[in-house]
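Below is one structure, written out as structure tokens; the observations come after it.
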Amino acid sequence: MTDSPEQEYDPGDVAVIGMSLRAPGARTKEQFWDVLVHGRETVSFLAKEDIHVDETLIHNPSYVRACGVLDTYDRFDPSVFGISDRMAAAMTPENRLYLESAWESLEDGGYDPDRLTAEIGMYGANNPQTAALYSSPPDRASVGPEAIEASLAWSPDSMTSNALYYMGLTGEAVTVAAVCAGFHYAVHLACQSLLLGQSDMAIAGGAMVRLPHPRGHLWEENRILSKDGHCRPFDANGTGSALSSGVVTLLLKPLGRAVADRDHVYAVVRGSAVNNNGVSAMAYGLAQPERLSACIAAAMEVGGVSPDTVSMYEANGLGLPVTDELEVHAATMAFGKQTATASIGGVKGNVGHGGVVSGGFGAVKAALALYHRTLPATINLTEVNQDLDFPSTPFVPQIEGAAWEPEAGIRRAGITSLGGGGYNAHLVLEEPPTPAGRAPEEAGRPRLATLSAMDDDALARQRTRLREWLEARPELRLDDVCFTLNLGRKVMGRRWAAVVRSREELIAALSDDARGPVASTAAAPRTDPGSFSRTNTGIVPSGQDAPALTGLAAAWVTGLQVDFDALHRDGAGRRVPLPAYPFQPRRFWRTDW
């Protein structure tokens with residue numbers, strides 16, 4: 001990390017520099033955005049033969065066979081983390097999902113855990129019930145010395161400490177219990193740690209796997225679960241939501257540091273606030289408008305944000321008229337009377353109610369909306385509930401997708417999350433700052449592109465994914481791509497490298513029939529290690545021309561450690577999002593101890 005000054009940015013601003021998401025119908029944040037902009041619903045409606053639980057309930061006329069299915073809920077790639085198959089089976093699905101997602105967030109931000117010496121805060125929420133349903137707690141008396149290891153894999157409390165340990169990091173580890181507001185609470189605590197200087201970077205998120213999986217639910221009138229499985233936010237005919245599973249993590253850093261460190265910024269956390277209704281609740285588990293309003297207002301006040309500059313409000317939006325009315329009333333009190341209007345939407349119509357990770361679905365939706373300057377439609381909204389009285393509020397339902405052109409001149413979004421038991425939480429996000437001007441990329445200069453993986457199959461899939469990524473994003477600069485690949489990925493045993501002078505050459509080198517200055521572990525030319533200069537962190541090239549880089553590539557793929565910082569001392573490269581590691585998950589499921 002650099003020592004550049006931060007005075008150009010508000011010291012309270014926190015940058016979102018990496019994101020990872022798995023949701024029903026979306027294995028990546030890019031697929032999730034595609035779901036949103038095309039207005040798709042990804043809640044599954046199950047056939048009776050697909051439900052292997054609830055045999056006594058499935059024929060009940062009130063049983064709804066709807067579920068937000070997470071297709072990787074029982075799969076994991078332990079080899080990347082050095083985890084044995086036995087331990088992988090003992091780990092709860094939420095522990096496993098959170099670990100892989102935290103890894104993906106770090107990679108998305110362009111950081112290699114092996115190169116980090118910073119304090120990394122790890123914050124996450126999960127569902128304690130999942131552990132109990134997955135398997136009984138280990139019996140210390142009969143398991144003996146293995147009990148501690150097994151219980152750490154099983155325990156919901158150790159989810160974040162496990163992630164630190166298996167990723168080779170140090171820092172704070174806090175597992176949050178705040179029911180459905182858990183994701184927001186994790187982000188709130190992570191931002192506080194960063195702003196107090198307790199952490200240099202933080203990963204915050206949540207994981208939710210509803211067990212048994214998949215299964216439906218029993219509908220009860222005026223409860224939060226939908227009568228027909230569809231969630232209809234703000235609709236007069238809404239009856240609640242369907243339950244779903246997923247995982248979301250964000251990589252966070254103080255904004256000034258992020259800019260100085262050449263990070264890619266998706267969005268900025270301007271403010272966050274949490275509170276609880278306590279005894280003031282109208283009914284335990286329902287929103288209390290005055291308390292929720294205070295929470296929303298506090299998040300804006302902390303960030304120095306005027307309500308009339310917040311032009312997107314991502315609601316908790318359960319799709320139940322009574323809860324929607326309470327929330328809209330609370331948000332109206334917090335925003336006050338204003339001339340500007342704010343789009344209001346609810347992601348639960350797309351992916352259902354993800355429990356502790358539901359706020360994460362809304363936060364990623366808002367962050368990507370800011371990044372792409374687009375307001376996705378709220379689906380399943382066909383008859384606006386007139387009792388919400390939107391004309392007398394600052395909010396306009398986002399019935400169709402639209403370009404985001406704010407009246408205030410800046411894009412800001414508020415995201416609310418509510419949890420049973422009176423938990424309120426609110427985040428205020430802002431669009432990323434305009435990047436500083438840069439000189440054009442030096443045309444024709446040779447660059448070293450590097451990839452590595454656990455085995456040749458994963459390496460081949462990395463090449464394919466990177467090629468497709470580059471073909472779809474012609475705006476990416478070669479120096480940024482190579483900077484990110486060289487410094488932002490963990491170095492593994494099977495390696496591939498290419499010396500290229502343009503994006504087109506790199507795309508060609510990544511193809512299966514690549515020819516030219518390409519080296520791989522499987523067939524690399526021999527090199528003389530003594531021909532290279534060395535620093536404390538590895539060998540360095542004898543120059544920046546193609547022959548020098550080709551020799552360096554051959555040395556690296558055969559196992560030598562390279563000082564990649566030496567290649568990028570000109571400061572030209574920036575971290576950019578690139579495909580994450582292609583995990584090769586296998587099914588791990590524990591049925592007994």
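How many residues does the range 221-241 hold that are in contact with a strand residue (DSSP E or B) (Cβ under 6 Å, 6 or more places away or on another chain) and among the aliphatic types (A, V, I, L, M)?
1
Restricting the search to the range 534-573, which residues are of a type outside the set (G, A, S) and crowded, with 19+ Cβ neighbours inside 10 Å?
Within the range 534-573, I539, P541, L549, T550, L552, W556, V557, V562, F564, L567 qualify.
Here is a list of conditions, (1) at pLDDT below 90; (2) in a helix (DSSP H, G or I); (3) in contact with a helix residue (DSSP H, G or I) (Cβ under 9 Å, 6 or more places away or on another chain), and A566 meets all of them except one; can you say which number that is?
Here A566 meets the rest and fails (3).
Please work out which residue is modelled with the lowest pLDDT, limiting yourself to the range 265-299 and to residues that are more than 21 Å from C191 (Cβ to Cβ) and touching a Leu at 6+ places or on another chain (Cβ under 9 Å).
Ranking the candidates gives M282 first.
Restricting attention to the range 48-83, which residues are over 26 Å from the mean Cα position of the chain (by Cα) and polar (S, T, N, Q)?
Listed by number, the residues that qualify are T56, N60, S62.
If I ask for residues that are touching a Leu at 6+ places or on another chain (Cβ under 8 Å) and among the hydrophobic types (A, V, I, L, M, F, W, C), which ones from the range 491-513 would you list?
W496, A497, A498, V499, V500, L506, I507, L510
Based on what the data block shows, is G12 open to solvent by less than 80 Å² (accessible area, probe 1.4 Å) and over 15 Å from P212 (Cβ atoms)?
Yes; evaluated as a whole, the condition is true for this residue.
Is there any pair linking a residue in the range 571-584 that is within 24 Å of A260 (Cβ to Cβ) to one that is open to solvent by less than 30 Å² (accessible area, probe 1.4 Å) and acidic (D, E), with Cβ under 7 Å and at least six apart or on different chains, and which?
Listed pairs, sorted by first residue: A572/D479; G573/D479; G573/D480; R574/D480; R575/D263; V576/D480; P577/D108.
Regarding the range 186-207, can at least one residue be identified that is at pLDDT below 95, closer than 21 Å to M87 by Cα and among the aliphatic types (A, V, I, L, M)?
No, because not a single residue in the range 186-207 is at pLDDT below 95, closer than 21 Å to M87 by Cα and among the aliphatic types (A, V, I, L, M).
Tally up the residues in the range 247-262 that are hydrophobic (A, V, I, L, M, F, W, C) and in contact with a Lys or Arg (Cβ under 9 Å, 6 or more places away or on another chain), please.
Total meeting the criteria: 2.
In the range 419-452, what count of residues is obtained for those that are open to solvent by less than 30 Å² (accessible area, probe 1.4 Å) and not in a loop (DSSP other than H, G, I, E, B)?
Number of matching residues: 14.
Conditions first: (1) of a type in the set (S, T, Y); (2) free of Cβ contacts under 8 Å to residues at least 40 places away in the same chain; (3) open to solvent by less than 20 Å² (accessible area, probe 1.4 Å). S84 passes all but one, so which condition is the exception?
For S84, the failing item is (3).
Those residues that are part of a strand (DSSP E or B) and either modelled with pLDDT of 90 or more or more than 39 Å from the chain's Cα centre (by Cα) (or both), I need them from the range 540-563; list them, please.
Across the range 540-563, the qualifying residue is only V562.
For the range 266-373, which helices (runs of 4 or more DSSP H) that fit wholly inside it have 1 or more residues that are open to solvent by 10 Å² or more (accessible area, probe 1.4 Å) and among the hydroxyl-bearing types (S, T, Y)?
289-302, 321-335, 358-372
Condition first: among the hydrophobic types (A, V, I, L, M, F, W, C), open to solvent by less than 30 Å² (accessible area, probe 1.4 Å) and either within 28 Å of T374 (Cβ to Cβ) or in a loop (DSSP other than H, G, I, E, B) (or both). Now tell me which residues in the range 254-265 satisfy that.
L255, A258, V265, listed by residue number.
Within the range 492-506, is even one residue open to solvent by 30 Å² or more (accessible area, probe 1.4 Å), free of Cβ contacts under 8 Å to residues at least 40 places away in the same chain and over 24 Å from G109 (Cβ atoms)?
Looking for residues that are open to solvent by 30 Å² or more (accessible area, probe 1.4 Å), free of Cβ contacts under 8 Å to residues at least 40 places away in the same chain and over 24 Å from G109 (Cβ atoms), one finds at least one in the range 492-506, hence yes.
Keeping to the range 156-168, report how many residues are free of Cβ contacts under 8 Å to residues at least 60 places away in the same chain and either open to solvent by 20 Å² or more (accessible area, probe 1.4 Å) or assigned to a strand (DSSP E or B) (or both).
The number of residues fulfilling the criteria is 4.
Restricting attention to the range 30-77, which residues are crowded, with 24+ Cβ neighbours inside 10 Å and either farther than 30 Å from D455 by Cα or basic (K, R) (or both)?
Result: L36, V43, A66, C67, G68.
In the range 453-465, which residue that is aliphatic (A, V, I, L, M) and in contact with a helix residue (DSSP H, G or I) (Cβ under 6 Å, 6 or more places away or on another chain) is surrounded by the most Cβ atoms within 10 Å (Cβ to Cβ)?
A453
Hey, can you tell me all the residues within the range 466-485 that are in a helix (DSSP H, G or I) and either touching a strand residue (DSSP E or B) at 6+ places or on another chain (Cβ under 9 Å) or open to solvent by less than 50 Å² (accessible area, probe 1.4 Å) (or both)?
L466, W469, L470, L478, D479, D480, V481, C482, F483, T484, L485
Taking the range 284-298 only, how many residues are under 28 Å from the mean Cα position of the chain (by Cα) and either of a type in the set (K, R) or closer than 13 Å to T416 by Cβ (or both)?
Residues meeting the conditions: 8.
It is to be established whether one or more residues within the range 177-188 are over 30 Å from F395 (Cα atoms), surrounded by fewer than 20 Cβ atoms within 10 Å (Cβ to Cβ) and in contact with a Ser or Thr (Cβ under 6 Å, 6 or more places away or on another chain).
no
Looking at (1) open to solvent by 40 Å² or more (accessible area, probe 1.4 Å); (2) outside any loop (DSSP other than H, G, I, E, B); (3) not charged (D, E, K, R), which is the one condition that is false for T416?
(1)
The values are calculated or read from the model by the stated rules, or taken from the named source; none is laboratory data. Please read these numbers as outputs of a predicted model, since none were measured by experiment. Counting neighbours? That spans all protein chains shown, and the Cβs are built from the backbone with ideal geometry, glycine included. Each accessible area value is taken on the protein alone, full model and side chains, heavy atoms only, with ligands, DNA and RNA left out. Shrake-Rupley method; radii C 1.70, N 1.55, O 1.52, S 1.80 Å.
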